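Taking it in order: structure first as structure tokens, then the write-up.
The values are calculated or read from the model by the stated rules, or taken from the named source; none is laboratory data. On a predicted model such as this, the values are computed, not experimentally measured, just so you know. As a convention, Cβ positions derive from the backbone with ideal geometry for all residues, glycine included, and neighbour counts pool all protein chains shown. Calculation scope for accessible area: heavy atoms of the full protein, side chains included, ligands and nucleic acids excluded. Shrake-Rupley method; radii C 1.70, N 1.55, O 1.52, S 1.80 Å.
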There are 2 protein chains.
Amino acid sequence: MINFQTSPDQYKHWKLSVEGPVATLSMDVSEDATLAEGYKLKLNSYDLGVDIELADAIQRLRFEHPAVKVVVITSLKPRIFCAGANIYMLGTSSHAFKVNFCKFTNETRCGIEDDSRHSGRRYLAALNGTASGGGYELAIACDEIYLVDDGNSAISLPEVPLLGVLPGTGGLTRLVDKRKVRRDRADVFSTLAEGLKGKRAKEWGLIDDYFPTSKFQEAIDARVRDLSNTDGQKDAPAGIKLNPIAVEVKPSGLEYQYVTLVLNREQRYADLTIRGPECAPQKTPAEIELAGDTYWPLQAYRELDHALLHLRVNEPEIGLVCLRTQGELSNVIAIDKTLVAHREHWLVREIILHMARVLRRMDLTAKSFFSIIEPGSCFGGNMLELMLASDRSYMLNNPDEGVQVIASELNGGMLPMSNGLTRLKSRFLAEPEKAAAVLVRTEPFDAAEAEAAGLITFAPDDLDWEDEIRVAIEERTSLSPDALTGMEASLRFAGPETMDTKIYGRLTAWQNWIFQRPNAVGPEGALTNYGKPTQAHFDFKRT
Amino acid sequence: MINFQTSPDQYKHWKLSVEGPVATLSMDVSEDATLAEGYKLKLNSYDLGVDIELADAIQRLRFEHPAVKVVVITSLKPRIFCAGANIYMLGTSSHAFKVNFCKFTNETRCGIEDDSRHSGRRYLAALNGTASGGGYELAIACDEIYLVDDGNSAISLPEVPLLGVLPGTGGLTRLVDKRKVRRDRADVFSTLAEGLKGKRAKEWGLIDDYFPTSKFQEAIDARVRDLSNTDGQKDAPAGIKLNPIAVEVKPSGLEYQYVTLVLNREQRYADLTIRGPECAPQKTPAEIELAGDTYWPLQAYRELDHALLHLRVNEPEIGLVCLRTQGELSNVIAIDKTLVAHREHWLVREIILHMARVLRRMDLTAKSFFSIIEPGSCFGGNMLELMLASDRSYMLNNPDEGVQVIASELNGGMLPMSNGLTRLKSRFLAEPEKAAAVLVRTEPFDAAEAEAAGLITFAPDDLDWEDEIRVAIEERTSLSPDALTGMEASLRFAGPETMDTKIYGRLTAWQNWIFQRPNAVGPEGALTNYGKPTQAHFDFKRT
């Protein structure tokens, strides 16, 4: 079982140091501390374990070190920044693992950009040596890239020429969409195994600048000083501590304080229940800071995030998640009101941004989600997003039971999907007035009203309820898991596209295809034969 | 060798009838007239041969029958409109063929939408019986869909539940993006093998209306009358004849009047040369109508289109196309001026739209394109698009040889890519002022100027020229064809996305993946086992 929890004192591959407004994240991968057998993490190459630490560090910077304004990402290894994902790890991994590994590393890099865009921290890649493949893709997720000019160090995306696969962490998309590198230059760069050194890399827009070895540290320091204007640092917030998530691992699933995951492995589906807040005592930022990571919107969503990652990587045969909520609608709505009222406060902002990221993780999880809306549920406000993110929803139609759903201001734009739309807008592309009507209504919707408003898929009554849910589960879990993954990826993201949806939708799909092809992973494939005395042989038919 | 040329008198599967402003395209597939052995085209199911006729009919409507305002697509078979792509054909086809088959059928359906959007013809799907899979996808490419209510006929996308693959002709994307069907309803519909009948199909927005059998024809006729307002029909243009493209098939390639394709099969690349107009005698719409399909912009682009289709389907091992032009820049620019001056004329409009479609066919061809700009070339205006559509360009830097390129007004918006951008804008996403500068300049660019303007990739001089081209070809053709296809699909379409780019980028990539998976095409896969007494068995791991 892969463990997604860590903390700086347990890091094996990264050093995190914080001095006032500047954090330095230094990569120093220990070759032997791998997640699996069969490969060594040479030259600062990484496996999922290395990236779990990076994701943890970035999360902690946001919550534990809010005073940080600049994050320098660099390496402690001489002449090498990072050699990217470990090829031998990829070569020996299952298809499903490779795909989920790429998805997680993409989420980590999109997380860096989310921090930069919404929380204003600047990320600076200080490439003290060669950055190849995923190494350059990590750099290009940062705001600025500086490369040492030592006559040797280069940036490169050697996946196509050396491995017969694509750069898997958004490199191609960020080249042309983020840095807007000319497509013919991107073509040359992405087929050049040795990559480019400072001068041409800068000319082509692949890096921001380069400096000779003797002046590199000095130049980075100067740029960091420019970016970390220390005005107001006296009053900088102190941050809150992210303690480990308490989770009990049972044979039947996982038990957290607010989340219960029950695995019905025989039937290949899971029941995932999220409990709403018992009450909403914290009303002020000071009270929220005091509650820290026990504040419901932070704790419940951290638990949900953990459960989603567990489902993805450790429970691949679970194809369907039945989502339920338990609690008082009014408590959820009270929490949302507090969050909205104080959304400018640093911690409240980070909590809302975190909720948004977890919900996007759900959108991007290759499992079907059915929301089951029963008596005692609390699909309101932020928890209504769980329903809106689901592929379908079933709501019990029994007026006596008081089964209700309701929106809050949080549904109006603070929890966007990767395509930039709210889930309400995305649901009502044909009838935007319906999304507006749901948002303004202050009374909860019962099942008949929710159906009329277009909020839910089906509203069976007591007589049909159990059969309908049972049959829906049986049918869903009988379908081809591959076809469902492709179908859900297509139907979940109607409307506009962004760099993120291109990475998760288009790039991921192409990479999935290539990761299956004999030209990459067959006995004569390039990925299989990398680093061996044998050579790759291709079937040259273009598809 | 698959032949992409046909004409109504040779159709085996469609009847095209034209009466004044109304054309009726009736599907009546002959079971035995298949492109390959091993399957029968029952129930109006189709193979590539059927779709080549459909594409031909739509093309002819635009050029030969410009007076047509409404196109009714229906079937002559009782109780069945169309059962979609033939499953046994798919089951017995190679991966590469399946993918190219889907791409061509997608282009045909996007061509219907292109005609509707730009030429104003209304397409009306008159579903006189069940439309399943590709049958419904053909309907959803039309402007309006009407279904007979005979107690039995339904629309459906049974690919996911029955075959373990995706609807391959844009069905999922058009459901949520074109018809803006709610994503949960799209989810239910796309997993329901039997589909939906009239009432619910209309309620969910999947069709526009339904009528009982006894009133169906009458209702369709009434709607056609509404749409085909006959004002001005007296003056409707007569159309021009599209004669067969004359092509000589040689062992070394294809020879047309304006296009030469030389296949270097051993080295897996092709030389594709397009000759510009010898002169530009036609200046008025009347002269252009008189020239008809021999008018250079129509004939040369029809030949180019044919060569591209041939390369895709009949020459899969060719991985790289070296594009050259031959002729006088001034003649090309003179043609462009005439086209721009008369772009409101029906035939000139259709010619420009056709050029745009052929250039998009090139963008979407899974081969690398290098433009080779040598003495005697004429990369100007519309032919400059060939260079801009290429993955790279090499321009000989010898001022004495007079190698030049130049833009025309046609490069400014009349030949858009699938993402809606001009190729100039797409090239200069980072520096839009450079695109504008290229457009306004009236003097040709020599190699040094073109390089400075950012128009070309490399400008080697005489000394380096041959070696550089040779090495570039050798390097390109040595790379993994799969990785190149994925890379090019990613780099060619920076910036915005449209329904078309979603279909070609995202849907195609997912389908490619699924078409490779054992769950679809393995011995126990759903596609393999369709219609057999054996049952599919899935590896239920979600990826």
Inset, instruction - Would you check which residues across the range A:511-543 are at the interface with chain B (Cβ under 7 Å from one of its Cβ atoms), open to solvent by 30 Å² or more (accessible area, probe 1.4 Å) and not charged (D, E, K, R) and list them? - result: A:Gln516, A:Phe538, A:Phe540
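Report yes if A:Ser390 is surrounded by 24 or more Cβ atoms within 10 Å (Cβ to Cβ) and within 14 Å of chain B (Cβ to nearest Cβ), otherwise no.
yes
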Inset, instruction - Report yes if some residue within the range A:112-119 is of a type in the set (Ser, Thr, Tyr), more than 27 Å from A:Ala201 (Cβ to Cβ) and surrounded by fewer than 24 Cβ atoms within 10 Å (Cβ to Cβ); otherwise report no. - result: yes
Inset, instruction - Would you mind telling me which numbered condition in (1) buried (at least 20 other Cβ atoms within 10 Å of the Cβ); (2) more than 7 Å from chain A (Cβ to nearest Cβ); (3) modelled with pLDDT of 95 or more; (4) over 22 Å from A:Arg182 (Cα atoms) B:Ile456 fails? - result: (4)
Legend entry - Subset of the range B:427-455 [within 28 Å of the chain's Cα centre (by Cα) and assigned to a loop (DSSP other than H, G, I, E, B)]: B:Phe428, B:Leu429, B:Leu455
Inset, instruction - Quickly run through the range A:114-127 and pick out the residues that are of a type outside the set (A, V, I, L, M) and more than 20 Å from A:His345 (Cα to Cα). - result: A:Tyr123
Inset, instruction - Return only the number of the condition from (1) more than 18 Å from A:Val259 (Cα to Cα); (2) out of contact with any Lys or Arg (no Cβ under 6 Å at 6 or more places or on another chain); (3) open to solvent by less than 10 Å² (accessible area, probe 1.4 Å) that A:Glu350 does not satisfy. - result: (2)
Legend entry - Residue that is touching a residue at least 12 places away in the same chain (Cβ under 8 Å), more than 14 Å from chain A (Cβ to nearest Cβ) and farther than 27 Å from B:Phe369 by Cα, where the choices are B:Ala334, B:Ala280: B:Ala280
Inset, instruction - Determine whether A:Thr273 is touching a residue at least 12 places away in the same chain (Cβ under 8 Å) and part of a helix (DSSP H, G or I). - result: no
Inset, instruction - Specify which of the listed residues (B:Ala85, B:Ala55, B:Ala126) is under 23 Å from B:Leu166 (Cα atoms), in contact (Cβ under 8 Å) with a residue 12 or more places away in the chain and surrounded by 24 or more Cβ atoms within 10 Å (Cβ to Cβ). - result: B:Ala85
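Could you tell me which of the residues A:Leu463, A:Leu439 is more than 12 Å from chain B (Cβ to nearest Cβ), in contact (Cβ under 8 Å) with a residue 24 or more places away in the chain and surrounded by fewer than 22 Cβ atoms within 10 Å (Cβ to Cβ)?
Selected residue: A:Leu439, the only one of A:Leu463, A:Leu439 that is more than 12 Å from chain B (Cβ to nearest Cβ), in contact (Cβ under 8 Å) with a residue 24 or more places away in the chain and surrounded by fewer than 22 Cβ atoms within 10 Å (Cβ to Cβ).
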Inset, instruction - List the number of the failed condition for A:Leu162; all other conditions in (1) open to solvent by less than 40 Å² (accessible area, probe 1.4 Å); (2) within 12 Å of chain B (Cβ to nearest Cβ); (3) among the hydrophobic types (A, V, I, L, M, F, W, C); (4) under 29 Å from B:Gly495 (Cβ atoms) hold. - result: (1)
Inset, instruction - Can you confirm whether the range A:149-158 contains a residue that is at the interface with chain B (Cβ under 10 Å from one of its Cβ atoms) and out of contact with any Asp or Glu (no Cβ under 7 Å at 6 or more places or on another chain)? - result: yes
Inset, instruction - Kindly establish whether A:Pro281 is surrounded by fewer than 23 Cβ atoms within 10 Å (Cβ to Cβ), at pLDDT 95 or above and not β-branched (Val, Ile, Thr). - result: no
Inset, instruction - Kindly indicate which of A:Glu350, A:Glu287, A:Glu385 is of a type in the set (Asp, Glu) and in contact (Cβ under 8 Å) with a residue 40 or more places away in the chain. - result: A:Glu350
Legend entry - Scan of the range A:393-410 for residues that are surrounded by 24 or more Cβ atoms within 10 Å (Cβ to Cβ) and part of a helix (DSSP H, G or I), ordered by number: A:Leu410
Inset, instruction - Take the range A:485-510 and flag every residue that is open to solvent by less than 10 Å² (accessible area, probe 1.4 Å), closer than 22 Å to A:Glu315 by Cα and more than 7 Å from every other protein chain (Cβ to nearest Cβ). - result: A:Glu488
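Of all residues in the range A:240-270, count the ones that are polar (S, T, N, Q), at pLDDT 95 or above and not in a strand (DSSP E or B).
3
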Legend entry - Cβ pairs under 7 Å, 6+ apart, first in the range A:519-543 and assigned to a loop (DSSP other than H, G, I, E, B), second open to solvent by less than 80 Å² (accessible area, probe 1.4 Å) and β-branched (Val, Ile, Thr): A:Gly522/A:Thr528; A:Tyr530/A:Ile87; A:Gly531/A:Ile87; A:Arg542/B:Thr485; A:Thr543/B:Val99; A:Thr543/B:Thr485
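May I ask you to verify whether B:Val358 is in contact with a His (Cβ under 7 Å, 6 or more places away or on another chain), among the hydrophobic types (A, V, I, L, M, F, W, C) and open to solvent by less than 10 Å² (accessible area, probe 1.4 Å)?
No; evaluated as a whole, the condition is false for this residue.
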Legend entry - From the options B:Arg179, B:Arg174, residue that is touching a residue at least 12 places away in the same chain (Cβ under 8 Å), open to solvent by less than 10 Å² (accessible area, probe 1.4 Å), more than 7 Å from chain A (Cβ to nearest Cβ) and of a type in the set (D, E, K, R): B:Arg174
Inset, instruction - Kindly check whether there is at least one residue in the range A:406-422 that is touching a residue at least 24 places away in the same chain (Cβ under 8 Å), among the acidic types (Asp, Glu) and touching a helix residue (DSSP H, G or I) at 6+ places or on another chain (Cβ under 7 Å). - result: yes
Legend entry - Checklist (1) touching a Pro at 6+ places or on another chain (Cβ under 7 Å); (2) away from chain A (no Cβ under 14 Å); (3) open to solvent by less than 10 Å² (accessible area, probe 1.4 Å) applied to B:Asn419, failing item: (2)
Inset, instruction - Within the range A:307-341, work out how many residues are aliphatic (A, V, I, L, M) and within 23 Å of the chain's Cα centre (by Cα). - result: 10
Legend entry - Checklist (1) under 18 Å from A:Asn128 (Cα atoms); (2) crowded, with 20+ Cβ neighbours inside 10 Å; (3) not aliphatic (A, V, I, L, M) applied to A:Ser26, failing item: (2)
Inset, instruction - Could you list, in sequence order, all residues of the range A:480-496 that are touching a helix residue (DSSP H, G or I) at 6+ places or on another chain (Cβ under 7 Å) and outside any helix (DSSP H, G or I)? - result: A:Ser480, A:Arg492, A:Phe493, A:Ala494, A:Gly495
Legend entry - Among the candidates B:Ala366, B:Ala334, residue that is part of a loop (DSSP other than H, G, I, E, B), over 22 Å from B:Ala67 (Cβ atoms) and open to solvent by 10 Å² or more (accessible area, probe 1.4 Å): B:Ala366
Inset, instruction - Give the range A:300-323 a look and list any residue that's over 21 Å from A:Pro251 (Cβ atoms) and either open to solvent by less than 30 Å² (accessible area, probe 1.4 Å) or not in a helix (DSSP H, G or I) (or both), or say none. - result: A:Ala300, A:Tyr301, A:Leu304, A:Asp305, A:Leu323
